[in-house]
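Notes follow once the structure below has been shown.
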Amino acid sequence: MKKTLFSLAVSACLGLIASPSMAKDEWPTDTVKIIVPFTAGGTTDIFARVIGDHLQKAFGKPFIIENVPGAGSVNGIAQVARSKPDGLTIGIASTSGLAINPQLRPDQVPYKPLKDLIPVTMFDKVPNVLVINSGKLPVKSVPELIEYLKKNPGKVAYGSSGVGTSQHLAAELFQQMTGTKITHVPYPGSARMVTDMIGGQVAMTFDNVPLLLPHVQGGKLTMLATATAKRAAFDEKVPAVAEFLPGFEAVAWHGFIAPAGTPKEIVDRLAAEVQACMKKPETIKKFSEAGAEAVATSPKEFADYIAAEMTKWKAVIEKANLQVK
Amino acid sequence: MDLIANLSLGFATALSLQNLLYAFIGCLLGTLIGVLPGIGPVATIAMLLPVTYGLSPTTALIMLAGIFYGAQYGGSTTAILVNLPGESSSVVTAIDGYQMARRGKAGTALFTAGFGSFFAGCVATLVLAAFAPALAELAFSFGPADYFSLMVLGLVGAIILSSGSILKAICMILMGLLLGLIGTDVNSGVMRYTFGIPALFDGIDFVCVAMGLFGFAEVISNLSLKDKRETFTNKVSGLWPSMADFKRMLPAVFRGTTLGSVLGILPGGGAVLSSFAAYTFEKKISKYSDEFGKGAIEGVAGPESANNAAAQTSFIPLLTMGIPSNAVMALMVGAMTIHNITPGPQVMQNNPELFWGLIASMWVGNLMLVILNLPMLGVWVKLLTIPYRFLYPAILVFCCIGVYSLNSNVANIYITAILSVFGYVLAKLGCEAAPMLLGFVLGPMMEEYFRRALILSQGSYSTFVTNPISLSLLVATAGLITIMAVPSIKKKRQEAFQED
Amino acid sequence: MEVRNKQNFAAGLFFLAFGIFAAVVARSYSLGASDDIGPGYFPFWLAVLLAVLGTVLSVSALAPKAEATEIGRLDWKAVAWIVGAVVLFAFLLQILGIVFSVLVLVIVSSLGSHEFTWKGTLASSLLLAALVYGVFVMGLHLQFPTWPTLFS
């Protein structure tokens with residue numbers, strides 16, 4: 001415990017002597033905290049730890065994970081936005097925290113994504129897939145499904161892992177692009193939704209691959225298509241919804257963020273190293289086993305992507321009149 | 001036979017030196033965090049998950065499972081000794097267990113809890129091994145309407161938890177239901193009763209409510225008693241139950257185990273309901289129903305067996321279908337994912353040593369817990385001899401750390417403090433906290449299932465009576481209400497509580 | 001008219017007040033329709049029911065046959081010491097870190113006991129602080145500020 005006090009004192013003194021430019025060159029001067037806005041043990045947490053390990057080795061300073069779950073990732077991201085922009089606190093954010101929630105419930109989200117936060121790099125895309133219970137829906141393909149839904153407006157129920165998740169909005173986008181009406185049944189998380197999918201309480205869903213895939217392979221559920229722009233890497237035989245509905249894409253993605261004001265040099269160094277990590281074969285393998293696609297983008301590319309996603313989901317939210325007060 | 005071959009594979013895995021060691025570490029840690037009020041298995045498993053990266057998946061899961069059921073054991077110890085339920089499953093244990101302790105029978109209560117848990121653990125492990133796939137199907141046949149009716153049955157049963165006025169018990173349940181609704185509504189995304197306070201967006205955590213209403217409120221009550229606070233240590237009788245105790249306890253253990261094994265399979269509330277259901281059931285059929293609330297041994301034996309059996313069988317949906325039925329199981333999914341095992345029906349075929357090893361380790365773990373806990377009985381009872389002026393600050397410290405560690409947020413401590421004032425005042429007005437806690441746990445689930453059932457039936461209320469499972473549960477509820485309303489029984493009930 | 005069952009009378013009023021408050025707030029949420037029950041439906045009707053039952057409880061406490069009860073004295077001093085210590089702990093945690101905050105919590109809460117002695121309290125506070133450090137910081141690696149953050 002003496003050591004902690006001592007190192008605190010030393011770093012405080014260093015902070016007084018060192019000039020700002022030096023701090024940038026020397027970054028990271030101390031332990032870097034990665035705020036993960038989800039509970040430990042979830043996919044995002046696991047991914048953060050994989051990348052954190054790499055960063056730790058690359059920069060020679062500890063990168064520790066702090067889990068700040070709650071309010072659908074808003075709590076954790078808000079904490080990043082409030083942190084000192086010295087590069088020692090960074091965070092992870094996802095589709096719902098950056099592109100959906102700030103527009104779905106603007107009153108309750110205490111940050112503006114591209115104003116209070118700096119996008120560092122996006123590191124993965126988690127494809128949603130369109131899965132049905134074939135005992136409940138007599139269809140074998142996306143066109144058949146659309147036709148069936150048009151004949152039975154409001155009669156078919158789809159499950160989602162919650163209001164304002166990318167899975168919920170994927171289904172809304174699908175309805176808007178096909179002109180169909182499906183009944184929304186929200187669940188608190190995917191697990192119980194999948195139970196009800198298998199039990200036939202709800203007939204279709206857009207959700208992540210990991211929980212669904214075993215049941216698709218086991219024959220209890222049928223995967224009609226992926227919600228990615230192109231066919232997904234995990235199974236090239238499964239068509240993309242976009243083949244029938246050009247432009248349809250609804251993926252969940254994750255990326256690193258930093259508080260606004262974090263020096264550009266630090267953001268660039270961090271982004272470069274995360275990109276290097278995402279290009280390693282073992283990272284790609286690890287991510288694909290968990291149902292995600294590893295990607296590597298520059299800060300600029302990530303910022304543009306967030307802006308595009310915000311525009312896209314804003315339109316869907318407005319059209320479906322989903323905004324919550 | 002397959003089962004025997006499978007179990008022998010399981011035991012061969014579970015009894016390897018490394019797995020034994022980690023099962024032991026898991027049980028020990030689990031007991032420790034279970035005994036410490038407020039620190040639950042969810043927080044602990046979440047913290048320790050990264051530590052298990054380096055272990056083999058089977059070993060990692062064995063250890064994490066050990067923490068989970070070890071915490072169930074440890075949790076009942078605190079509930080009995082200091083009236084502090086750290087988990088929803090030990091709320092009912094606190095009712096009669098604490099009263100037994102006050103009457104000098106802390107040792108007997110602890111032994112009963114341990115024995116009941118061990119027996120239930122053994123039986124549930126066998127159930128798990130023999131019927132896991134068949135039982136998993138049962139969970140799928142439960143639709144939202146059925147769950148709703150199950151919750152209704154549970155809430156009506158909660159009235160029986162109370163030993164005082166029925167009307168007050170119903171009011172307390174309603175208060176609990178309302179408190180449970182605080183937070184983001186699952187169906188609409190609307191924030192209810194949050195008043196713009198971010199810490200309330202996800203609702204109040206169960207641990208805050210339990211620590212506030214039971215822990216802090218009890219401390220305040222005891223402090224204000226001044227010299228009148230009874231020291232129940234000078235009346236400690238033997239640790240071992242008498243023959244008469246045994247005779248009363250055994251059938252309760254059997255019944256609790258059965259109830260728990262069945263209810264534990266249902267995701268979303270099944271395991272929580274099991275201990276309450278067992279208590280209600282015991283109180284209804286017992287010859288000594290007037291002793292309930294004052295230290296009836298069945299009131300400890302039944303629920304404790306039920307919650308341990310349910311803890312064990314709640315692994316069934318996870319192991320057979322890859323579907324987590326509660327927060328701990330969700331972390332287990334995370335643990336499997338880390339080790340590149342996709343939880344799901346194929347685990348049994350692809351990783352038989354993991355599947356059967358984990359099951360066998362549960363039995364081994366239960367045995368370890370008994371061996372670990374029996375010699376500890378004396379030590380735990382000794383804890384009661386610590387003067388209260390030293391004991392209560394320690395309770396406060398552990399409660400505060402427990403609620404803080406839920407999500408590293410001090411707001412939880414403030415919420416708990418407010419609830420404790422609430423709990424203290426209500427206790428002064430003769431209102432009991434246990435029915436309120438059950439309402440708090442079941443309320444949001446009940447609403448969720450109710451609304452989901454109606455969305456799926458397109459607004460037709462008949463869905464609750466056309467579903468055979470739902471209908472029979474509602475009939476059972478009506479039966480329970482009739483029993484409570486029948487004058488003769490009511491009279492007996494009132495007589496029993498006149499002396500209060 | 002005489003309030004015979006004072007406990008029930010006060011409890012009933014409490015439930016009535018709580019129910020009215022909850023119902024009023026619930027009015028701002030939509031009640032919805034039967035095929036899509038709104039977020040206000042459950043809280044509103046539960047709150048109304050609570051208010052009604054609270055009224056029944058209070059009124060029945062006035063009945064001549066009602067069991068006579070008294071409300072025990074509320075010991076606000078005990079409440080203040082305990083709640084005060086806990087709130088102080090929560091407030092200090094971010095500034096002083098867990099170790100010193102535990103010391104404060106133990107000492108302040110002990111002051112509420114009529115058996116308080118400095119010697120015993122200091123000893124037990126140091127013991128608990130050490131235990132907390134060993135078990136939660138070193139053992140379980142829980143995430144909290146451990147030491148004062150005066151430097152940063």
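The values are calculated or read from the model by the stated rules, or taken from the named source; none is laboratory data. Given the structure is predicted, the values throughout are model-derived calculations rather than measurements. As a convention, Cβ positions derive from the backbone with ideal geometry for all residues, glycine included, and neighbour counts pool all protein chains shown. Remember, those area values only see protein heavy atoms, side chains included, never the ligands or the DNA or RNA. Shrake-Rupley method; radii C 1.70, N 1.55, O 1.52, S 1.80 Å.
Assorted remarks:
- For B:MET376, the requirement of being more than 13 Å from chain A (Cβ to nearest Cβ) and under 23 Å from B:ALA311 (Cβ atoms) is met.
- Within the range A:41-59, restricting attention to residues that are at the interface with chain B (Cβ under 8 Å from one of its Cβ atoms) and open to solvent by less than 10 Å² (accessible area, probe 1.4 Å), the residue that is nearest to the chain's Cα centre (by Cα) is A:ASP45.
- Taking (1) surrounded by fewer than 23 Cβ atoms within 10 Å (Cβ to Cβ); (2) assigned by TED's automatic domain parsing to the domain that holds A:ALA276 in turn, A:LEU137 satisfies each apart from (2).
- Of all residues in the range A:60-79, those that are at the interface with chain B (Cβ under 10 Å from one of its Cβ atoms) and assigned to a loop (DSSP other than H, G, I, E, B) have Cβ atoms under 6 Å from Cβ atoms of residues that are of a type in the set (Val, Ile, Thr) and surrounded by fewer than 22 Cβ atoms within 10 Å (Cβ to Cβ), 6 or more apart or on another chain, in A:PRO69/A:THR39.
- Residue within the range B:130-142 that is open to solvent by 10 Å² or more (accessible area, probe 1.4 Å), in contact with a helix residue (DSSP H, G or I) (Cβ under 6 Å, 6 or more places away or on another chain) and at pLDDT 85 or above present: no
- Residues of the range A:297-325 that turn out to be away from chain B (no Cβ under 14 Å) and either open to solvent by 70 Å² or more (accessible area, probe 1.4 Å) or at pLDDT below 90 (or both), as a count: 7
- Scanning the range C:22-36 for residues that are facing another protein chain (nearest Cβ under 10 Å) and among the hydrophobic types (A, V, I, L, M, F, W, C) yields C:ALA22, C:ALA23, C:VAL25, C:ALA26, C:ALA33.
- The range B:112-164, residues that are part of a loop (DSSP other than H, G, I, E, B) and closer than 18 Å to B:LEU473 by Cβ: B:SER141, B:PHE142, B:GLY143
- Of all the residues in the range A:209-242, those that are open to solvent by less than 30 Å² (accessible area, probe 1.4 Å), closer than 19 Å to A:TRP253 by Cα and touching a residue at least 60 places away in the same chain (Cβ under 8 Å) number 8.
- Within the span defined as the range B:329-341, every residue fails to be open to solvent by 30 Å² or more (accessible area, probe 1.4 Å), part of a helix (DSSP H, G or I) and more than 11 Å from chain A (Cβ to nearest Cβ).
- Test: residue in the range B:368-378 that is among the β-branched types (Val, Ile, Thr) and crowded, with 20+ Cβ neighbours inside 10 Å: no
- Taking every residue in the range B:52-80 that is at negative phi and pairing it with any residue that is among the aliphatic types (A, V, I, L, M) and outside any helix (DSSP H, G or I), at least 6 positions away or on another chain, the pairs with Cβ-Cβ distances below 7 Å are B:PRO57/B:ILE341; B:THR78/B:LEU84.
- Qualifying residue in the range A:227-241 (condition: within 20 Å of the chain's Cα centre (by Cα) and under 30 Å from B:ARG451 (Cα atoms)): yes
- Among the residues listed as B:PRO345, B:PRO317, the single one being facing chain A (nearest Cβ under 8 Å) and in contact with a His (Cβ under 8 Å, 6 or more places away or on another chain): B:PRO345
- Condition met for B:LEU426 (assigned to a helix (DSSP H, G or I), without any contact (Cβ under 8 Å) to a residue 24 or more places away in the chain, open to solvent by less than 20 Å² (accessible area, probe 1.4 Å) and within 9 Å of chain C (Cβ to nearest Cβ)): no
- Residues considered: B:LEU200, B:LEU181, B:LEU213. Of these, the only one that is within 18 Å of the chain's Cα centre (by Cα) and either facing another protein chain (nearest Cβ under 9 Å) or open to solvent by 10 Å² or more (accessible area, probe 1.4 Å) (or both) is B:LEU213.
- Just so you know, in the range C:85-120 the residues that are polar (S, T, N, Q), part of a helix (DSSP H, G or I) and at the interface with chain B (Cβ under 8 Å from one of its Cβ atoms) include one that is farthest from B:ILE413 (Cα to Cα), and it is C:SER110.
- Yes/no for B:GLU87 being surrounded by 22 or more Cβ atoms within 10 Å (Cβ to Cβ) and either in contact with a strand residue (DSSP E or B) (Cβ under 9 Å, 6 or more places away or on another chain) or among the charged types (D, E, K, R) (or both): yes
- When C:PHE144 is tested against (1) at pLDDT 85 or above; (2) farther than 15 Å from B:PRO387 by Cα; (3) open to solvent by less than 30 Å² (accessible area, probe 1.4 Å); (4) not charged (D, E, K, R), exactly one condition is not met: (1).
- The range B:257-272: number of residues that are at pLDDT 80 or above, open to solvent by less than 10 Å² (accessible area, probe 1.4 Å) and not hydroxyl-bearing (Ser, Thr, Tyr): 2
- Conditions (1) part of a helix (DSSP H, G or I); (2) within 7 Å of chain B (Cβ to nearest Cβ); (3) of a type outside the set (A, V, I, L, M); number of the one not met by C:PRO39: (1)
- Test: residue in the range A:162-185 that is more than 18 Å from the chain's Cα centre (by Cα), within 27 Å of B:THR337 (Cβ to Cβ) and crowded, with 21+ Cβ neighbours inside 10 Å: yes
- Failed item, numbered, when B:LEU28 is tested on (1) touching a residue at least 24 places away in the same chain (Cβ under 8 Å); (2) open to solvent by 20 Å² or more (accessible area, probe 1.4 Å); (3) within 14 Å of chain A (Cβ to nearest Cβ): (3)
- When the residues of the range A:30-39 are filtered to those that are closer than 19 Å to B:TYR404 by Cα and open to solvent by 10 Å² or more (accessible area, probe 1.4 Å), the one that is nearest to the other protein chains (Cβ to nearest Cβ) is A:THR39.
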